[in-house]
Amino acid sequence: MAEERRMVTVGGKGSSLSSSSVFDIANGLSRLSIDSSALSKVSSSSNAKTSKTNAPTVSASFSILSNLTSDEARASLVVLLNKLLLSSSTSAAVNQLSDIILKDVLSSSNVQISFDNTIDGVSPGDFSVAAIAGISAILDHRSSALSVITDAIAALSCEALGADISAFNLNDSGDGSSAKDVVAVASDLKILLNGSKFVNREGDEPAVSGVPVVHGKFREISRLLHSSTRVQLNSATVSNSGSSGTASSMCTTLFSLAVALKDLGNISYNRAKRIVDSRITGDDEFPAMLIKECPRPDQLKALFASLVSAHSDEEYVKFSHDVSSLLVMVEKIISWEALAAFLSLEGRDFIPSGDTSVGEDSAKTAAKKGAKKKKILGKGTTALVQFLKDRLLSMPIQTEASQTVMALENLVRNFLSLLDPKDLGFDTLLKKVKDIVESNESRRLPKLPKGTRDFAKEQMAIRERAFSIITEVFKRHGAAALDTPAFEMRETLMGKYGEDSKLIYDLADQGGELCSLRYDLTVPFARYVAMNGLTSFKRYQIAKVYRRDNPSKGRYREFYQCDFDIAGQFEKMMPDFEVIKILTELLDELDIGEYEVKLNHRKLLDGMLAICGVPQEKFRTICSSIDKLDKQSFEQIKKEMVDEKGLSNEISDRIGTFVKWRGPPVELLSKLKQERSFLENNESSLALDELEIMFKALEKSKCIDRVVFDLSLARGLDYYTGVIFEAVFKGAAQVGSIAAGGRYDNLIGMFGTRQVPSVGISLGIERVFAIMEQLQKDKNQEIRATETQVLVSILGDDSALAAELAGELWNAKVKAEFMIHKKVMKHIDRARDSRIPWMVLVGERELSEGVVKLKDVVAAIDYEIPRGKLVDDLCKRLGM
């Protein structure tokens, strides 16, 4: 008995049309029904309109559909009908469409309509938009399915080729720079191939290593198409003038899909061809059939050129049809790839013959071979292959297929039907692939939260070296270490960071205390000084801070800061000079390359704003805008200051004149001292006097050449009151600011009764690490993850001897590891891989003679020394 077709109702209250429903109706898998209330509403609306006008003003010809496939034409009419119902259009147009659709004429292979006919009350533009939306619905449904199937097929091809799958070892970097879908595709492929012994047997295969990027892009575009199509399917018709823009907008997404499809088809064809050329042996029927039947890259190229031309000529319905044709072509290529991979993995024994008994024997043989391969195929691909085998074996074998060629044709026909989206069994296959991936979620690598990352042992080696240098510089200047909690009372943090306060991570209420993760280390330091009644404190702190920012390259939500602060009353401007001197020492000793320290004064900035005419209550918010000048043009900043913050164009232009001033400190200071307006303003005059003192100190300490006086530097944090500065890396890596700081005389007083003037610096160590790591790569330097000096190598299984020798070395403060293995080359390989300079080798001969063999790994020289002198000899050689 025929399977009952699902009913899809349009026009009802709360009902919506989906791409899957359009696809099913267009292919006769579902029936269409119009809600009676919608028809009544259309009829009422039509009567009202008829009383005002004698005839419809527009009409469209069905010739729009003349070049479409039957399912595309059906989909177009269904979407148009839904749009007319949503817009309460004339009942004549609705009735005309429903007559065509509901009389089940559409269940035949072709749409039985005359392309010379017209439909009244519908503009040609609306008809075109409906046609594009209908085709988009088909594309959406098929692309969503293909994005799942193609990953599974690629996994089979990886095993068929024995390909190196190291390209799938991708992790989200955490800073937003990783393509999410690329990482997701790689993760799904690793799930499908988990446990496979077939992969990583051959070298790099471009058609495999490119899978995450090509498939990831296709997955991303498919998702965008789904979002835009869902909107179009359930929106009413628009005016004829607006339909052109709608059609163009829809086709922009389809064009991106076409590019992704072309790349997907090419990479799939290359895998299929590689499998056939290198893996399928025996008779040449299948290779010949592949060459004859499978679409080729030149056909893809020709069809892509056709759709590009249609898009350029604004023939958007033809363009949409061409994209749909391209998708069908790519589906065929991927189906042939699947068949090639399947035959390669299962062998030619699986091909059935016309002789039923032989076919059964072949099936049994294939089943036995499959049982063996279950142990070595991936856990996901094993389940997929078994599913395909079961389905193929359940399909009828044509009795006339008594010859090998016809038997192969029979298998090809049955296999390709499994991957046909119009086939009733396709949904079963799609569900099976999804189940395989989702059922393996427990084996999926856990993900990191956005804006965070792990650090491998090599990265940690660089970090530890950097922290050591930083700590040494801080201690050189007499600072003491301080540690504070990772979270503070929310009231402690709020109101200290200006517009950036929205980036504070709030924690859930725990027992009545409202807490937040620390945003920086400065405010907790100020709270500590105030709580403990300190009047003088020079401290450093290296710890993590947290910001609810949008991750981007070099910008994280969890990262280290390295802070140095001086609190207390000291000689005028000397603490400010010292922190800038510390900054130059840090960056010089970290050896990151060229940098500059931009410097300004908050009072000078306030004076400048007053001179320009900015109201005092807007100083801080305008400073926040100016602070973005390193990322945006002045025109963008001006628009923000005028449109969002209420400044006039004249005031904004005056600000624009001053913020362009930058140059050598002493030179620009002299220029500013000649500006009468700055000298007459109390704030800016005081700032210029303080800067003069500091610049002299920087000159005497020979670090002023690293400093640039820059009036555009604003630093958006509210608590700054004096000198502000920021270090910027000038090398090839675009990492932005790498350190910043300034004077904050009023912050500590917010937490207590006494004001303690302070100045400090914060090093953005994450960006410094990024520069150091890149420099290591550029110099092609290997990074030692450990500092091990000696490998104690026991040639046998005497673990007690290993403990004895290693213990003696550890007691002598020698950095040592031990290894127990019978093969000497295993020990030497371990030492070389870990770049351990010395080895102590002890085997049966050394034990019997009371000696040990000391090996210089780099020079490949062996020394035999008495067992009792091992420690003394090694310490001398290590310079201890």
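The values are calculated or read from the model by the stated rules, or taken from the named source; none is laboratory data. Computed from a prediction, not measured in an experiment: that's the story for all the values here. Because the Cβ atoms are built from the backbone with ideal geometry, glycine has one as well, and the counts that use them run over all protein chains shown. Accessible surface is based on the protein model in full, side chains and every heavy atom, while ligands, DNA and RNA are left aside. Shrake-Rupley method; radii C 1.70, N 1.55, O 1.52, S 1.80 Å.
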Is it true that some residue in segment 21-43 is outside the structural domain of R230 (by the TED database), in contact with a strand residue (DSSP E or B) (Cβ under 6 Å, 6 or more places away or on another chain), at pLDDT 65 or above and open to solvent by 70 Å² or more (accessible area, probe 1.4 Å)?
yes
With the condition kept exactly as written, say whether any residue in segment 817-826 is among the aliphatic types (A, V, I, L, M), closer than 22 Å to I865 by Cβ and either at pLDDT below 90 or assigned to a strand (DSSP E or B) (or both).
yes
Of all residues in segment 149-172 being in contact with a Leu (Cβ under 9 Å, 6 or more places away or on another chain) and not in a helix (DSSP H, G or I), which is modelled with the highest pLDDT?
I165
Only one of S248, S243, S268 is modelled with pLDDT under 85 and not aromatic (F, W, Y). Can you tell me which?
S243
Do you know which of the residues in segment 520-577 that are among the basic types (K, R) and in contact with a strand residue (DSSP E or B) (Cβ under 6 Å, 6 or more places away or on another chain) is surrounded by the most Cβ atoms within 10 Å (Cβ to Cβ)?
R539
Find the residue count for segment 457-485, including only residues that are open to solvent by 40 Å² or more (accessible area, probe 1.4 Å) and not in a helix (DSSP H, G or I).
5
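Tell me which residues, restricted to segment 861-878, are without any contact (Cβ under 8 Å) to a residue 60 or more places away in the chain and open to solvent by less than 70 Å² (accessible area, probe 1.4 Å). I'd like the intermediate steps shown before the answer.
First pass over segment 861-878, keeping only residues without any contact (Cβ under 8 Å) to a residue 60 or more places away in the chain: 861-869, 872-873, 876-877.
Within segment 861-878, I865, P866, R867, D873 qualify.
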Condition check for I655: under 32 Å from the mean Cα position of the chain (by Cα), closer than 30 Å to D689 by Cβ, crowded, with 21+ Cβ neighbours inside 10 Å and among the β-branched types (V, I, T)
no
For R279, the lone unmet condition from (1) crowded, with 19+ Cβ neighbours inside 10 Å; (2) at pLDDT below 95; (3) in contact with a Leu (Cβ under 9 Å, 6 or more places away or on another chain) is (1)
When residues of segment 499-535 are filtered for being in contact (Cβ under 8 Å) with a residue 60 or more places away in the chain and over 30 Å from E644 (Cβ atoms), how many remain?
10
Return the pair list, or none, for Cβ contacts closer than 8 Å from residues in segment 745-756 that are closer than 17 Å to P575 by Cβ to residues that are open to solvent by less than 20 Å² (accessible area, probe 1.4 Å) and of a type in the set (K, R), at least 6 apart or on different chains.
L747/K496
Give V728, V756, V735, V707 a once-over and let me know the one that is among the β-branched types (V, I, T) and within 25 Å of L534 (Cβ to Cβ).
V756
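So that you can scan it fast, the table gives a plain yes or no per residue for (1) open to solvent by 20 Å² or more (accessible area, probe 1.4 Å); (2) at pLDDT below 65; (3) not β-branched (V, I, T); (4) not assigned by the TED database to the domain that holds L254:
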{"residue": "A48", "(1), (2), (3), (4)": "yes, yes, yes, yes"}
{"residue": "D71", "(1), (2), (3), (4)": "no, no, yes, yes"}
{"residue": "K83", "(1), (2), (3), (4)": "no, no, yes, yes"}
{"residue": "L97", "(1), (2), (3), (4)": "no, no, yes, yes"}
{"residue": "S147", "(1), (2), (3), (4)": "no, no, yes, no"}
Residues of segment 686-705 classified as more than 9 Å from P665 (Cβ to Cβ) and out of contact with any Phe, Trp or Tyr (no Cβ under 7 Å at 6 or more places or on another chain), total:
12
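Table: residues versus (1) exposed (fewer than 15 other Cβ atoms within 10 Å of the Cβ); (2) at pLDDT 85 or above; (3) polar (S, T, N, Q); (4) under 30 Å from N27 (Cα atoms).
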| position | (1), (2), (3), (4) |
| --- | --- |
| S353 | no, no, yes, no |
| A366 | no, no, no, no |
| S394 | yes, no, yes, yes |
| L408 | no, no, no, yes |
| S417 | no, no, yes, yes |
| F426 | no, no, no, yes |
Output the qualifying pairs, or none if there are none: Cβ atoms under 7 angstrom, residues six or more apart or on different chains, first residue in segment 670-683 and closer than 10 Å to M608 by Cβ, second residue open to solvent by less than 80 Å² (accessible area, probe 1.4 Å) and of a type in the set (D, E).
E683/D606
Can you spot a residue in segment 200-211 that is crowded, with 19+ Cβ neighbours inside 10 Å, more than 15 Å from the chain's Cα centre (by Cα) and either modelled with pLDDT under 90 or in a loop (DSSP other than H, G, I, E, B) (or both)?
yes
Taking the criterion of being within 23 Å of D745 (Cα to Cα), assigned to a helix (DSSP H, G or I), in contact (Cβ under 8 Å) with a residue 24 or more places away in the chain and open to solvent by less than 10 Å² (accessible area, probe 1.4 Å), would at least one residue in segment 695-702 satisfy it?
yes
Selection from segment 641-650 of residues assigned to a helix (DSSP H, G or I) and surrounded by fewer than 19 Cβ atoms within 10 Å (Cβ to Cβ) yields V642, D643, E644, N649, E650
